[in-house]
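Below: one structure, written as structure tokens.
Derivation of every value follows stated rules applied to the coordinates shown; laboratory data play no part. All values reported here derive from a predicted model rather than from experimental measurement. Ideal geometry is used to build each Cβ from the backbone, glycine not excepted, and the neighbour counts take in all protein chains shown.
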Amino acid sequence: MLCLAGATATGKTSAALAIAQAFANQQPPRQVEIISVDSALVYRGMDIGTAKPTAAERATVPHHLIDIIDPSEAYSAARFVGDAQRLIGEIRSRGHLPLLVGGTMLYFKALFEGLDAMPAADRTVRAALDEKCEREGLHALYRELKRVDPVTAARLPPGDRQRIQRALEVHRVSGLPLSSFHQQKTAVDTPPLISLEPSDRAWLHQRIEARFAQMLDAGLVDEVHALMQRGDLHADLPSMRCVGYRQTWEALEADDLSDLPERGIAATRQLAKRQLTWLRSMPQRNVVACDAPDAQSQVVDIALRFAASARS
């Protein structure tokens with residue numbers, strides 16, 4: 001199988017389709033099936049803010065793990081690994097090539113390295129953490145995390161309530177820091193990984209700004225408003241914490257959209273920064289400068305070379 005990763009707005013979708021077309025043009029032709037590695041694309045009804053592949057793109061190449069759950073549900077790295085492993089086997093059994101594409105680096109890491117058996121959710125502990133957060137603020141939870149698990153605290157944004165609370169929950173239930181579970185894992189051989197990374201960060205920032213403007217023009221505010229009107233969703237759900245959705249939800253609640261573009265762009269830039277940091281921790285990756293004029297052809301050449309090497 002092949003893997004294509006990259007930060008948001010680096011051109012992963014078009015590069016993946018180019019790879020699929022290149023394999024289809026080979027003699028004999030080989031069909032590619034794309035497995036999405038994205039924690040936001042799993043949600044139905046969240047199309048604009050996730051930059052989901054269009055219906056036409058998905059009709060050209062089979063796509064998997066898109067539109068598989070409702071926004072009221074949660075999706076985890078463990079569930080992704082199970083789904084991805086099953087799909088990889090099914091795609092191979094058809095004689096097709098699995099191509100994993102996305103920007104949720106935790107999912108790639110979990111697939112490559114496996115998952116540890118971490119403690120299950122504990123409602124009592126979670127309620128106590130919720131109470132402390134409401135009483136003392138998220139900064140108090142973050143200070144506690146820095147004290148008990150500085151490794152995890154260093155990689156989490158101070159405003160990521162969901163992951164901060166989960167890390168504290170793991171520590172309170174097991175007595176061990178979340179980072180210790182990751183350290184216990186044994187690395188395994190990884191498939192070829194092509195990574196789209198900008199040589200000029202300003203290029204990526206411009207792309208992010210233009211894409212968020214396109215999302216607003218395409219109706220992102222209306223999309224989020226419709227989700228709010230359902231009545232069964234709230235701002236702390238994983239789906240509504242996705243970049244773009246969180247900022248739009250907050251703007252609608254405040255009845256003030258004036259600074260939404262600025263806040264949405266800033267949050268997306270922060271996401272891209274975290275994604276690139278994750279990628280730099282994967283030494284096996286093959287980097288292609290996504291801002292190079294021939295970036296797409298470079299990606300295709302590497303993919304074809306890997307496939308030829310695997311066959312030989």
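If we count every other residue with Cβ under 12 angstrom of Ile48's Cβ, Lys/Arg +1 and Asp/Glu -1, where does the sum land?
On the way: positive: Lys52, Arg211; negative: Asp47, Asp217, Asp222, Glu223.
Net of charged neighbours comes to -2.
Using the charge dipole of the chain (Lys, Arg: +1 at Cβ; Asp, Glu: -1 at Cβ; taken about the Cα centre), state which of Ser39, Ser258, Ser199 has its Cα farthest towards the positive end.
Of Ser39, Ser258, Ser199, it is Ser199.
Using only Cα atoms and rounding to the nearest 10 degrees, what angle (0 to 90) does helix 201-218 make with the longest principal axis of the chain?
Roughly 80 degrees between the two axes.
Using alpha carbons only, how many degrees (0 to 90, rounded to 10) separate the axis of helix 12-24 from the longest principal axis of the chain?
30
Only Cα pairs within less than 10 Å get springs; with that Gaussian network setup on the chain, which residue of Ile208, Ile68, Ile91 has the largest fluctuation?
Ile68
Please give the net charge around Ala292, taking every other residue with its beta carbon less than 12 angstrom from that of Ala292, where Lys and Arg add +1 and Asp and Glu add -1. Could you put the intermediate results ahead of the total?
Numbers: positive: none; negative: Glu197, Asp200, Asp291, Asp294.
Residues near Ala292 contribute -4 overall.
Which residue, Gln85, Gln270, Gln247, tops the fluctuation ranking in a GNM of the chain built on C-alpha contacts under 10 Å?
Gln85
Considering only Cα-Cα distances, which of the following residue pairs are longer than 20 Å: Lys109/Lys273; Lys52/Lys109; Lys12/Lys52; Lys109/Lys132? Don't jump to the answer; show the numbers that get you there.
Details: Lys109/Lys273 17 Å; Lys52/Lys109 22 Å; Lys12/Lys52 11 Å; Lys109/Lys132 31 Å.
Pairs exceeding 20 Å: Lys52/Lys109; Lys109/Lys132.
Can you tell me how segment 123-183 classifies by the Cα gyration tensor, rounded, prolate or oblate, using a/c under 1.5 as the rounded cut? Can you show the working numbers first?
Numbers: a/c = 2.05, a/b = 1.27, b/c = 1.62.
It comes out oblate by the Cα gyration axes.
Under 9 Å from the Cβ of Leu141, count the other residues' Cβ atoms, weight Lys and Arg +1, Asp and Glu -1, and hand me the total. Intermediate values should be presented prior to the final figure.
On the way: positive: Lys132, Arg143, Arg161; negative: Glu136, Glu144.
Combined, the nearby Lys, Arg, Asp and Glu give +1.
Restrict the search to segment 93-128; then list the trypsin sites (Lys or Arg not before Pro) that DSSP places in a loop and that have at most 12 other Cβ atoms within 10 Å of their Cβ. Write out the running numbers ahead of the final one.
Details: sites: Arg94, Lys109, Arg123, Arg126; in loops: Arg94.
Filter output for segment 93-128: Arg94.
For the chain, taking Cα atoms only, what is the radius of gyration to one decimal and the Dmax to the nearest whole Å?
Rg then Dmax for the chain, in Å: 20.1, 65.
Give me Cys242, Cys133, Cys3 sorted ascending by neighbouring Cβ count inside 10 Å, so fewest comes first. Write down the numbers at each step before the final one.
Values: Cys242 22, Cys133 18, Cys3 26.
Final ranking by Cβ density, sparse to dense: Cys133, Cys242, Cys3.
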